[in-house]
Amino acid sequence: MTAARLGKLAVPFVILLLLLLFPATGPSSDLVKILFTTFVWIITSIAWNIVGGFTGQVSFGFAVFYGLGAYAAALLINSGRSPYFAFLGAAGVAVLASFLVGLPTFRLRGPYFAIATIGVTEAVRVVMSNVPFTGGASGYRITEYGPFRQLEHYYQALVAVALAVAISAWISGSRFGLALRAIKQDQDAAAQLGVNPYTFKLWAHAIAAALTGVAGALHARYNIYIDPTGGAGGVFAFTTGISILLMPVIGGIGTVWGPVLGGAVFGIVEEEIVVKFPQIHLLLYGALLILIVLLEPDGLVGLFHRIVRLFRRRRDDSGGPRADKVLWGRSRLEGREL
Amino acid sequence: MENRFMRNRRWKAGLLFLAGVAGLFASPTQSAAQGGDTITIGVVLPISGREGKPGQYQKEGVELAIKQINDKGGLTIKGKKYHLKEAFYDDGSDSAKSASLAERVMSTDNATAVIGGYSTALGEAESVMPDRYKTPWLTPGAAATSIFSHGYQYVFGTLSPVLLLGSTTAEFLGYLVDQGKLKKGLKIAMAVENTDHGIDYVNGVQDWISKHPGYFTVVFNEKFELGGTDFSGLLQKVKAARADIFLSDAHLQDYITMQRQYLQSGMHHQVISYGARGPEEAARKALGDGINYIFAGIWWSDKLPYPQAQKFINDYKQFTGRAPDSWYAATAYDSMRILAQAIQQAGSTDKTKIRDALRKAELKDSILPGTVLKYGPNGQAGYPFVIVQNQPGGKVEIVYPKNAATGAPIAPTP
Amino acid sequence: MSLIDYLDPLVAAVLLAGIYAAMSIGMTVIYGVMKIVNLAHAGFMMMGAYFAFELFERFHVHPVIGALLALPTFFLFGMAVYWLLVRWLPRSDQPTLSSLLLMFGFWLVLQNVALLIWGNEDQSILTPMTFSVIRFGPVSIATVRLVVFVLAVVSVVVLQIVLRRSWFGRAVRALIQNPYAAQITGVDDRRTAMLSFGVGIAFAGFAGSLLAMLYSFSPDFGRQFLLRSFVIIVLGGLESFSGVAIGALILALVETFSILFVQASYQPAISYGLLVVVLLVLPKGVAGLLEKKWRVA
């Protein structure tokens, strides 16, 4: 284990330690809320990246798992279960849903799959808006007795996000992850080499759905009131699904830290800038997307690598980064087919 | 794939980057200074998005009241003068944002009280926060009774329940029958929005009908999704129901869309109502004479004869440059006034004491129908509705109750 | 409900299908030639609506004229957007994530621009024609719907003629069938792409102006229509033009008649459900089905 390797491994743990100890500095409850919300977004971002980034299947429909996780947790908590049971239940329901969605839709390729996911999400949203059992369009409310312990929510989210990063990192380095990347690169070639694309996609989808469901559960428990459409901010809303997709793209699709960065940026922007400049946040996201697609398809991580490479080139011109390009073809985003 | 040198650099740079991000978090967010001589009133309303227009009016109502109080020197508590300061956030008609902003204004901005939540969905989302932060919250725009039936201790609703709106509407229809303008035994078709608001409305109407047999029967009752663009299918069904009266409960945008398509379908009913919508400026602009003869049950009308109501209208005109549009600003205005009165009566900036004062408060010169604003045991106010009708020539007259009427109802629709 | 009661919805569905077809055909052209799923289509429709609105409010131009003016205006606008943004996209004969995200980002930008200029409230166009109703026996039709239908159908037919007869049309069809072979035979794919994009956007703007006569609109306008366009072009077959007409008719019929049997608030779920079912069962859409019987361009 070289010093550099140790350093590489240490950084995430240092960050984790900082975040664990952070509440001891007596932060304002607003700050804790921002961090909590950001953690929840990061979880969804990481989850989406597993399917959209590693496996290359672009889904616009992750709001389904978010919403189902939220409702499942809400129902479980209201029937007296502990929050941890509720989180597990949320993950379970989401996994079930991922199979229901994935079994038919993963037979589709490219844009067909993406469009199908939009259809599924909207259909679920409309149904949930009407089912009286969960309150329909009036939304659903959790009744939890006991005082509001904000830090409890904070730590739960922190643990969940750490878990998500760990899972993502493990996938990235494992043979499972290699299979996923193969599917992304060329599904038919992967099939020839013995990787069954269909099953691998389903499993990746299940893992991602579980994580997203937990995120939805965390959100539900904190905000107590959830509704399907919410005038644009509901748990099944189209914009929610889009936000989930936006984060990994901004941060760096297909990487481990990209979704984390993207989620962090998104969380800050949503909470702070949107409040202060509500009039232009769509413009910001739109312009950001366009710039990313045209200039730096690998998002923030790609930008970061570019800067590093700039330094590298000064010292000596080796084939390091270019070998990277040869291995993966053009950059992770461009030229890669849907 | 990269060598050790690059890895070092990368992680150092990464750490620096994340430190920067953390630094952004750690920088203290400006919080409004509490104490000194200001009291912060949080206001979380939509001024953009679907509910932007009514939200805007409610914001103006609150601001007018705040301005008037400050112009008089502010509130006096324990001999000290306190200025009112507004902390406003636009939730963009998004319920998740609404809750988040309500939380922010209660925690970071340390608001003593919050007024907000226009429309049921936004109100429901916000209503979770008051008890969490023990901050009194008043909603001048959300009337669904479900908000007030969870046992929350810090929520107050300045709008009379929609249930009452429904039964008042039915009562008014019964009155028309008694007056000989309508026959007995007419059929009613109802199309309401798929929210607590709509459900309460239907229940209110059916409540009255069951208590007064023989007057009407409901032959059609369906819910539609908010924010739709095309109601023609729904209207086809209404047409097929061959009813005599058409009652709907919708928000402003849906009201305009549906009425437009109603007219385009060539239908005719003896009485049409859209719940609490009718005389809005935006509807007049979009549909012109198409909104004539529509009845609305609203929480306040500019035709109310009270002197304080007339004064409000003049003050509002001066403040915003236009006349109040329907009832929106009025309920917000009185919410602020009763809040100020409660703070004064509590004699303290302690939020729980203010909450207690609100429970007992009575605004005796309220501009709302009945002239007295008082909150019920569940936090929701209850005062009579007025039924208005859009009459030809751009006029809007109060047609019910009789003792407040400024014009005679025109029914059936010609 | 008696049989007569079904006549009204039937007529309404057919009229609706017309505008649906005009609205979706723009997307089909762009997808067929460039394999770009144009998510910004909704944004362009919205701009089309505001275009007609502004012409009406400021210059008292009747929205019908406004819609016709939208065609050339948005054609140029589309070409400009292509020149500035779209041509930098990596070329591919399969849809790419980049194109999807680029168009989506542009849609957000369009929404925000509209928001800044016109604010967020619903606007609408009120003309004497808005409420007039024509009665054919037991059926009553809103005049605007008829007018919009006629304009939509005429525009689609004209496009079809152009595609079959003109040089441009042949180039477009060649590119759709086989981009590489087309290039070998001398089709300038860059130029054709730019023109096709222009045509696609022209139709988006045109459809938007027509829709402005029927509905209220705000910067968020178009999203529901975008999703409907997806359903239609998938139904019809992503690259077929006559398929669009069929798809539009099917969707309009399903939408209109499903409401009669199901509570109104459930209706969108049926449309989306239809989308998913069609994707699974008939991935090439109805056109794919017909292709087996006779060749359809």
* Asked: Which number do you get for Rg(Cα) / (2.2 N^0.38 Å) in the protein assembly as shown?
  -> 0.95
* Towards the positive end of the charge dipole of chain C, with charges on Cβ (+1 Lys, Arg; -1 Asp, Glu), say which of C:Phe261, C:Ala248, C:Val199 has the farthest Cα. => C:Val199
* Asked: Relative to the longest principal Cα axis of chain B, at what angle does helix B:328-346 sit, 0 to 90 degrees, rounded to 10?
  -> 50 degrees
* Asked: Between region B:126-162 and region A:266-313, what is the C-alpha centre distance in whole Å?
  -> 39 Å
* **Relative counts (whole %) of C-alpha pair distances in chain B, using bins that are 10 Å wide** => 5, 22, 30, 21, 12, 6, 3, 2, 0, 0
* To do: In whole angstrom, note down how far apart the Cα centers of region C:33-89 and region A:172-232 are.
  => 37 Å
* Asked: Between A:Phe176 and A:Leu100, how many nm apart are label points set 7 Å from Cα along the C-beta direction?
  -> 2.4 nm
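At 222 nm, what helix-only mean residue ellipticity would chain B give, in deg cm²/dmol to the nearest 500, using -39500 (n - 2.57) for each DSSP H run of four or more? List each step's numbers first, then the result.
Working: 13 runs with 174 residues, N = 414.
That comes out to -13500 deg cm²/dmol.
Under the definition of partner shielding as Cβ atoms of other protein chains within 10 Å of a residue Cβ, what is the mean value for peptide B:239-246?
Working: counts 5, 8, 1, 2, 0, 0, 0, 0.
Taking the mean over all residues of the peptide, I get 2.
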* Using the membrane-span-like helix rule (whole DSSP H runs, Cα extent along the own axis of at least 18 Å, mean Kyte-Doolittle hydropathy at least -1.0), which helices of chain A qualify? -> A:3-21, A:29-48, A:63-78, A:83-105, A:110-128, A:150-173, A:197-223, A:238-251, A:281-294, A:299-315
* Where does each of B:Tyr118, A:Tyr84, B:Tyr328 land when they are ranked from fewest to most other beta-carbon atoms within 10 angstrom? -> A:Tyr84, B:Tyr328, B:Tyr118
* Structure fact -> Calculated from DSSP helices alone, with each H run of at least 4 adding -39500 (n - 2.57) and the total divided by the residues of chain A, [θ]222 nm to the nearest 500 comes to -23000 deg cm²/dmol
* Against the longest principal axis of chain B, how steep is helix B:232-241, in degrees 0 to 90 to the nearest 10, with axes from Cα atoms? -> 30 degrees
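Quick check on the exposure proxy: order A:Tyr285, B:Tyr175 from fewest to most C-beta atoms within 10 angstrom.
Values: A:Tyr285 22, B:Tyr175 17.
Listed from fewest to most nearby Cβ atoms, that is B:Tyr175, A:Tyr285.
Across the residues of B:298-307, average count of Cβ atoms on other protein chains within 10 Å? Display every interim value, and only then the final one.
Numbers: counts 0, 0, 0, 0, 0, 0, 0, 0, 0, 0.
Partner Cβ neighbours, averaged per residue: 0.
Can you pick out the pairs among B:Lys187/B:Lys285; B:Lys81/B:Lys351; B:Lys183/B:Lys211; A:Lys276/B:Lys353; B:Lys72/B:Lys311; A:Lys33/B:Lys78 whose Cα atoms lie more than 27 Å from each other? Walk me through the numbers before you get to the answer.
Working: B:Lys187/B:Lys285 31 Å; B:Lys81/B:Lys351 18 Å; B:Lys183/B:Lys211 18 Å; A:Lys276/B:Lys353 32 Å; B:Lys72/B:Lys311 16 Å; A:Lys33/B:Lys78 35 Å.
Among B:Lys187/B:Lys285; B:Lys81/B:Lys351; B:Lys183/B:Lys211; A:Lys276/B:Lys353; B:Lys72/B:Lys311; A:Lys33/B:Lys78, the Cα-Cα distance tops 27 Å for B:Lys187/B:Lys285; A:Lys276/B:Lys353; A:Lys33/B:Lys78.
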* **Scattering profile of region C:3-219 at q = 0.11, 0.14 Å⁻¹ [log10 I(q)/I(0), Debye over alpha-carbon scatterers]** => -0.57, -0.87
* To do: Neighbouring Cβ atoms within 10 Å as the yardstick, rank B:Arg337, B:Arg284 fewest first.
  => B:Arg284, B:Arg337
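How fast does region A:26-297 diffuse by Stokes-Einstein, in µm²/s, taking the Kirkwood radius from C-alpha pairs at 10 °C and 1.306 mPa s?
Approximately 85 µm²/s, per Stokes-Einstein.
Below 8 Å between Cα atoms, with a sequence gap of 6+, how large is the relative contact order for region A:26-297 in percent?
Values: 447 pairs, mean separation 99.4, N = 272.
For region A:26-297, the relative contact order is 37 percent.
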* To do: Can you tell me the 0 to 90 degree angle between the C-alpha axis of helix B:95-107 and the longest principal axis of chain B, rounded to 10?
  => 50 degrees
* Treat region C:42-141 as a sphere of radius equal to its Kirkwood radius over Cα pairs and apply Stokes-Einstein at 4 °C in a medium of 1.567 mPa s; give the translational diffusion coefficient in µm²/s, rounded to a whole number. => 80 µm²/s
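Bear in mind that the values in this text are calculations on the coordinates, not laboratory data. Being a predicted model, the structure only gives us computed values, none of them experimental. All Cβ positions, even for glycine, are placed from backbone atoms using ideal geometry, and neighbour counts span all protein chains on display.
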